[in-house]
Every structure is written in structure tokens, then in C-alpha cells.
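J.: Below: one structure in C-alpha cells.
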Amino acid sequence: MSKKDVTKVVLDEADIPKQWYNILADMSSKPAPYISSRTGKSVTLDELQAIFPLELIQQENSQERWIDIPEEVRDMYRQWRPSPLYRAKSLEKHLGTPARIYYKYEGTNATGSHKLNTSLPQAYYNKIAGIKRLSTETGAGQWGSALSLACSHFGLECTVYMVKVSYEQKPYRRSFMKTFGADVYASPTNLTESGRAILENDPNCTGSLGIAISEAVEDAATHADTNYALGSVLNHVCLHQTIIGLEAKKQLEYLDEYPDVVFACCGGGSNFAGIAFPFLMDKFKGSKVRAVAVEPTACPTLTKGVYAYDYSDTGKMGPLAKMYTLGHNFVPAGIHAGGLRYHGVSPIISELYKNNLIEAKAYGQSSVFEAAVTFARTEGIIPAPESSHAIKAAIDEALLCKESGESKVILFNLSGHGYFDMVAYDNYFTGKLSDIDYSEEAISKSMNSLPKVE
């Protein structure tokens with residue numbers, strides 16, 4: 001059988017990368033420094049150490065190209081890594097496209113998503129720093145699930161502030177977290193000052209990632225034995241996720257293939273970073289590979305946001321980052337792709353987008369679920385709503401190839417399964433989903449709240 005006929009590539013345990021790839025080492029234009037929300041100056045080490053362990057702070061600022069993966073973390077990775085790479089032959093046939101479509105499937109671990117790639121090292125580094133508990137936020141629940149499992153493995157307590165709309169839409173996600181010992185609260189809560197302030201202004205607030213982050217950061221900052229863990233956006237999180245793209249490169253090399261275009265959904269950015277950054281390493285050396293971040297029209301951070309310093313959370317607890325943002329007061333509609341509802345995006349991804357090294361697309365949720373169902377019926381995997389944005393973009397690219405006759409290689413990151421998301425599929429089948437555009441008027445209004453940074 002020809003390598004081109006292979007439908008699945010699984011590497012050996014020995015092929016699990018021993019190092020993460022740090023894209024900052026290869027970027028000629030670096031992201032702007034974080035600014036303290038308290039002093040208005042560059043954030044200090046002491047401020048960061050109030051919520052993060054030193055090792056993660058060093059990774060956040062490192063300019064080294066390769067960062068060693070601790071053996072204790074690789075031991076856990078071995079439970080499901082290397083993850084498989086599939087060729088979507090049935091989807092190709094259904095579309096009638098000459099394109100070759102590949103997807104890296106990150107849904108084979110217990111949590112069903114890519115988030116475990118960073119929750120494990122974050123829990124590990126906090127454990128060795130003597131921390132007893134981690135607090136965090138979660139949107140759709142994948143990150144909260146991953147951190148609850150990682151904390152359970154390393155003997156840490158875990159507190160999760162889950163965006164209220166997702167808490168109500170996805171009860172089995174919170175049951176998953178509780179199974180691994182986490183305390184889970186619908187955010188905004190009455191447990192924190194930032195949560196109480198939101199509820200006083202809007203008792204029926206459906207929540208947002210910005211609000212949940214404020215609560216989790218406040219929790220960590222007010223308890224000496226507690227640190228904060230973030231599942232996306234930050235440099236060290238994007239770093240940990242590059243294990244996805246590094247494996248995918250090796251798997252495609254086995255097939256003598258290389259992508260013309262790489263797609264991934266993008267909320268805070270860890271999903272996109274994980275698959276795309278190792279290929280952008282080649283782009284810095286002259287490769288023509290395209291990398292496309294795909295987001296919802298209801299939260300179009302890259303496609304409609306502005307590039308500016310903004311607070312990372314609604315309560316202004318965390319540092320300011322220079323990024324594409326819709327404004328820290330932005331509360332997105334309760335779409336089912338809960339993991340893509342953050343008002344900003346990774347400073348690294350923002351810098352890459354500003355310099356035209358990556359592209360971005362936005363889709364409404366109706367067309368995204370249509371693509372998800374097409375994928376499920378051809379490939380036999382029900383995808384998460386977040387990942388389905390990448391599927392939609394890959395299908396559109398494949399149909400363009402059908403029109404032109406061009407035989408491109410398309411790669412996308414299937415970053416999780418949708419088996420906890422069947423309520424969303426039910427709503428799609430019964431016509432209850434609506435497409436939501438974030439209006440220019442709403443953007444202009446939210447931009448009025450941006451901080452003044454000199």
C-alpha cells in the first residue's frame with residue numbers, strides 16, 4: 001500500500017517530543033510586555049509570583065527555542081500521546097475534492113480535548129513549588145476538565161469558575177470535573193468581590209471568560225496556598241500545546257506530505273498555537289505554508305477587534321496585554337462554542353496577525369454545525385463545536401480546490417470530541433441555533449472602555 005493510501009498514522013511512545021517549541025525565539029517582532037493593572041508599568045516578577053510559579057514565569061519570558069518537557073509530564077503524556085493523525089478520505093470523497101485533508105485528533109484522552117497538554121505541566125510546576133490548590137476559569141468545560149484531572153494526579157485541590165451559560169448548557173462537564181475532585185461554581189458567583197460586583201449590576205448575567213478569569217485570579221491572589229492556572233492566551237500555554245504540531249510534522253513526514261494550509265479554531269489561541277506554531281517555524285525560514293485562525297462571528301476578536309492594550313479580565317485583576325481585543329467589558333452571546341468566547345487573543349498570535357504572518361476567518365454557528373454534521377457522517381467522529389470552526393474552514397478550502405482543480409494538502413486540528421455537546425446538536429437539528437454577528441456599534445461602544453497606556 002502506498003503511503004498516500006494510509007488513513008491513520010500513529011507514532012511510537014519514543015516519538016513523543018522531549019521538548020516544546022518556543023516561537024518567540026524566531027519572531028523578529030516580539031509581543032509588547034505585560035503591563036501591571038496596579039502600577040501602569042511593566043509587570044514585575046513579584047506581581048506574577050503572586051499567582052504563578054517561577055518556572056512558568058520563566059517560560060513565559062524565555063527566548064530559548066526549545067524548552068525541555070519534564071519526564072514526570074512525559075510519563076503522563078504516554079497515556080494518550082502521540083495522538084493519531086488521520087486522512088479524511090471519506091470527507092474528501094463526499095466533497096469531490098482533489099485536496100488531501102488531514103486532521104490531528106486530540107480527543108483520545110480522558111478529557112476529550114487538547115487542554116491536558118498544558119494542564120499537566122502547569123499542575124506539575126505548581127506542585128513542586130509547594131502550592132496546594134489551583135483556581136481557574138472554564139468556558140465550555142474542556143479546560144476545567146483537564147485541570148481537574150491534572151490536579152487529581154498531582155495531589156492538588158482545584159476550584160473552577162465555569163461561565164454560567166456553559167454551566168447550565170453542559171451539566172456533564174461539571175460532573176466530570178467533580179469526579180476528579182474539583183469544586184465547580186457558575187460564574188459570576190457571590191464568592192468573590194468581582195463576581196458580586198457583576199451580579200449587583202446584572203443579576204441575570206450569563207457570564208463570560210473575562211468575568212470568570214477575574215474570579216479565579218482574585219481567589220488565587222487572596223489565598224497564600226493557591227495559584228492561578230490559565231488554559232489559553234499566555235505564552236507558556238501556547239508553548240505546551242506545540243507538542244501537537246511537532247507530532248503532526250513527524251506524521252506527515254512519514255507520508256512524504258507537507259501542508260499548504262493549516263486551520264485551527266481560535267478563542268484565546270492555544271488550540272491554534274499548538275498545531276500552527278511548529279509549521280510557522282518553517283515559514284520563518286521561507287516556507288509558503290498558510291496558517292489560518294478560525295473564530296465565531298459572535299466573538300470575532302481577530303477579524304473585528306482592535307490591536308491595543310487591554311485588561312485580560314473584566315474585573316481588571318490581571319495584567320494588561322497588547323492584543324486584538326473586543327474590550328474587557330464584552331459579554332459574548334451564549335453560543336455553544338463556549339471555548340471561543342474570550343474577548344482577547346494571545347499576544348503572540350496578535351503580533352503574528354498584525355505582521356500578516358497568519359490569517360483569520362469567522363463563521364456563524366449554523367454553518368459550523370452543518371460542517372460538523374458532514375464531518376461526523378463521513379469520518380465517524382462527533383466534533384466539539386469549537387473544533388468544528390476549523391472543519392468548516394477546511395471544507396471551504398477543499399471546495400475551492402474542487403473549483404480550481406488544485407490538489408492542496410490541508411491540515412486541521414480536531415482539538416476535541418463533542419460527546420458532551422449533544423444539547424448543542426439537538427438545538428441545531430431543531431432549528432434553535434441562530435447566527436450572531438457582533439455589530440460595529442457594539443465594538444465601538446466596548447472600545448470606549450479600553451485603558452489608556454502610555
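The values are calculated or read from the model by the stated rules, or taken from the named source; none is laboratory data. Note that the coordinates shown come from a computational prediction; the quantities given were computed from them, not determined experimentally. Heads up, the Cβs are rebuilt from the backbone with ideal geometry, glycines too, and the neighbour counts pull from every protein chain shown.
J.: For residues in region 232-269 being polar (S, T, N, Q) and modelled with pLDDT of 95 or more, which is farthest from LEU340 (Cα to Cα)?
T.: Step one: of region 232-269, the residues polar (S, T, N, Q) are 232, 235, 241-242, 251.
Now restrict to residues that are modelled with pLDDT of 95 or more: 235, 241-242, 251.
Numbers: ASN235: 18, GLN241: 17, THR242: 19, GLN251: 28 Å.
The extreme case among them is GLN251.
J.: Identify, by number, the condition in (1) in contact with a Leu (Cβ under 8 Å, 6 or more places away or on another chain); (2) of a type in the set (Ser, Thr, Tyr); (3) surrounded by fewer than 24 Cβ atoms within 10 Å (Cβ to Cβ) that TYR324 doesn't meet.
T.: In the conditions (1) in contact with a Leu (Cβ under 8 Å, 6 or more places away or on another chain); (2) of a type in the set (Ser, Thr, Tyr); (3) surrounded by fewer than 24 Cβ atoms within 10 Å (Cβ to Cβ), TYR324 misses (3) alone.
J.: Can you tell me which residue in region 114-136 is nearest to GLY231 (Cα to Cα), limited to those that are basic (Lys, Arg) and either part of a loop (DSSP other than H, G, I, E, B) or in contact (Cβ under 8 Å) with a residue 60 or more places away in the chain (or both)?
T.: Of everything passing the filter in region 114-136, LYS115 is nearest to GLY231 (Cα to Cα).
J.: Anything in region 68-113 that is among the aliphatic types (A, V, I, L, M) and either in contact with an Asp or Glu (Cβ under 8 Å, 6 or more places away or on another chain) or without any contact (Cβ under 8 Å) to a residue 60 or more places away in the chain (or both)? List them, or say none. Show your work before the answer.
T.: Taking region 68-113 first, the residues among the aliphatic types (A, V, I, L, M) are 69, 73, 76, 85, 88, 91, 95, 99, 101, 110.
The answer is VAL73, LEU85, ALA88, LEU91, ALA99, ILE101, ALA110.
J.: Just one of (1) under 22 Å from VAL368 (Cβ atoms); (2) surrounded by fewer than 24 Cβ atoms within 10 Å (Cβ to Cβ); (3) at pLDDT 95 or above trips up GLY274, so point out which.
T.: Against the list (1) under 22 Å from VAL368 (Cβ atoms); (2) surrounded by fewer than 24 Cβ atoms within 10 Å (Cβ to Cβ); (3) at pLDDT 95 or above, GLY274 comes up short only on (2).
J.: Give the residue that is farthest from ASN117 (Cα to Cα), with candidates limited to residues of region 273-302 that are more than 17 Å from the chain's Cα centre (by Cα) and in a helix (DSSP H, G or I). It would help to see each step written out before you state the result.
T.: Residues of region 273-302 more than 17 Å from the chain's Cα centre (by Cα): 279-290.
With in a helix (DSSP H, G or I) added as a condition, the list becomes 279-283.
Details: PHE279: 18, LEU280: 20, MET281: 20, ASP282: 23, LYS283: 24 Å.
Looking at residues that are more than 17 Å from the chain's Cα centre (by Cα) and in a helix (DSSP H, G or I), I get LYS283.
J.: Right, something else. Every residue in region 413-454 that is among the β-branched types (Val, Ile, Thr), outside any loop (DSSP other than H, G, I, E, B) and modelled with pLDDT of 80 or more, please. Spell out how you get there, then give the answer.
T.: First pass over region 413-454, keeping only residues among the β-branched types (Val, Ile, Thr): 423, 430, 436, 443, 453.
Narrowing further to those that are outside any loop (DSSP other than H, G, I, E, B): 423, 443.
Of everything in region 413-454, just one residue is among the β-branched types (Val, Ile, Thr), outside any loop (DSSP other than H, G, I, E, B) and modelled with pLDDT of 80 or more, namely VAL423.
J.: Is there any pair with a first residue in region 191-214 that is closer than 13 Å to GLU137 by Cα and a second that is surrounded by fewer than 24 Cβ atoms within 10 Å (Cβ to Cβ) and basic (Lys, Arg) whose Cβ atoms are under 8 Å apart and which are 6 or more apart or on different chains, and what are they?
T.: If the second residue must be surrounded by fewer than 24 Cβ atoms within 10 Å (Cβ to Cβ) and basic (Lys, Arg), the pairs left are GLY207/LYS164; SER214/LYS316.
J.: Filter region 370-386 for residues that are more than 15 Å from SER90 (Cα to Cα) and at pLDDT 95 or above; which is nearest to the chain's Cα centre (by Cα)?
T.: Narrowing region 370-386 to residues more than 15 Å from SER90 (Cα to Cα): 370, 383-386.
Now drop any that are not at pLDDT 95 or above, which leaves 370, 383.
Values: GLU370: 22, PRO383: 15 Å.
Out of the qualifying residues, it is PRO383.
J.: Scan (1) surrounded by 19 or more Cβ atoms within 10 Å (Cβ to Cβ); (2) of a type in the set (Lys, Arg); (3) assigned to a loop (DSSP other than H, G, I, E, B) for the single condition LYS361 breaks and write down its number.
T.: (3)
J.: Within region 76-89, can one find any residue that is in contact with a Lys or Arg (Cβ under 7 Å, 6 or more places away or on another chain), among the aliphatic types (A, V, I, L, M) and assigned to a strand (DSSP E or B)?
T.: The first filter runs over region 76-89 and keeps only residues in contact with a Lys or Arg (Cβ under 7 Å, 6 or more places away or on another chain), leaving 83-87.
Okay, now just the ones that are also among the aliphatic types (A, V, I, L, M), so 85.
The next check asks that each one be assigned to a strand (DSSP E or B); those that pass are 85.
Within region 76-89, one or more residues are in contact with a Lys or Arg (Cβ under 7 Å, 6 or more places away or on another chain), among the aliphatic types (A, V, I, L, M) and assigned to a strand (DSSP E or B).
J.: Right, here's the next one. Which numbered condition in (1) more than 30 Å from LEU54 (Cα to Cα); (2) out of contact with any helix residue (DSSP H, G or I) (no Cβ under 6 Å at 6 or more places or on another chain); (3) not acidic (Asp, Glu) is the only one that CYS205 fails?
T.: (2)
J.: Something else now. Given the conditions (1) within 21 Å of PRO82 (Cβ to Cβ); (2) at pLDDT below 95; (3) not hydrophobic (A, V, I, L, M, F, W, C), report the number of the one that PRO203 does not fulfil.
T.: (1)
J.: Please give the strands (runs of 3 or more DSSP E) falling wholly within region 137-255 in which 3 or more residues are surrounded by 23 or more Cβ atoms within 10 Å (Cβ to Cβ) and not acidic (Asp, Glu). Let's see the steps before the verdict.
T.: Details: elements: 157-163, 183-187, 226-228.
Once the strands (runs of 3 or more DSSP E) in region 137-255 are filtered for at least 3 residues that are surrounded by 23 or more Cβ atoms within 10 Å (Cβ to Cβ) and not acidic (Asp, Glu), what remains is 157-163.
J.: While we're here: Looking only at region 124-148, how many residues end up being within 14 Å of the chain's Cα centre (by Cα) and over 28 Å from LYS170 (Cα atoms)?
T.: Total satisfying the criteria: 0.
J.: On to the next question. Keeping to region 244-295, report how many residues are aromatic (Phe, Trp, Tyr) and under 19 Å from TYR363 (Cα atoms).
T.: Total satisfying the criteria: 2.
J.: Restricting the search to region 72-122, which residues are over 23 Å from the mean Cα position of the chain (by Cα) and on the phi > 0 side of the Ramachandran plot?
T.: Within region 72-122, GLY96 is the sole residue that qualifies.
J.: Within region 368-377, does at least one residue satisfy the condition of being among the small types (Gly, Ala, Ser) and touching a residue at least 60 places away in the same chain (Cβ under 8 Å)? I'd like the intermediate steps shown before the answer.
T.: At the first step, the residues of region 368-377 found to be among the small types (Gly, Ala, Ser) are 371-372, 376.
From what is left, the residues that are touching a residue at least 60 places away in the same chain (Cβ under 8 Å) are none.
Looking through region 368-377, none of the residues is among the small types (Gly, Ala, Ser) and touching a residue at least 60 places away in the same chain (Cβ under 8 Å).
J.: Specify which of the listed residues (ALA398, ALA424) is surrounded by 13 or more Cβ atoms within 10 Å (Cβ to Cβ), in contact (Cβ under 8 Å) with a residue 60 or more places away in the chain and more than 27 Å from PRO82 (Cα to Cα).
T.: Numbers: ALA398 fails: more than 27 Å from PRO82 (Cα to Cα).
Matching residue, one of ALA398, ALA424: ALA424.
J.: When only residues in region 341-362 that are of a type in the set (Ser, Thr, Tyr) and at pLDDT 95 or above count, which is farthest from the chain's Cα centre (by Cα)?
T.: As a first pass, look at region 341-362 and keep what is of a type in the set (Ser, Thr, Tyr): 342, 346, 350, 353.
After this cut, where a residue has to be at pLDDT 95 or above as well, the list is 346, 350, 353.
Numbers: SER346: 9, SER350: 14, TYR353: 16 Å.
So, considering only residues that are of a type in the set (Ser, Thr, Tyr) and at pLDDT 95 or above, the one farthest from the chain's Cα centre (by Cα) is TYR353.
J.: Let me ask something else about it. Please work out which residue is surrounded by the fewest Cβ atoms within 10 Å (Cβ to Cβ), limiting yourself to region 12-65 and to residues that are acidic (Asp, Glu) and in contact (Cβ under 8 Å) with a residue 12 or more places away in the chain. First the steps, then the outcome.
T.: First, the residues of region 12-65 that are acidic (Asp, Glu): 12-13, 15, 26, 46-47, 55, 60, 64.
Now restrict to residues that are in contact (Cβ under 8 Å) with a residue 12 or more places away in the chain: 12-13, 15, 26, 47, 55, 60, 64.
Numbers: ASP12: 7, GLU13: 10, ASP15: 15, ASP26: 16, GLU47: 19, GLU55: 18, GLU60: 17, GLU64: 12.
Applying the filter and picking the extreme gives ASP12.
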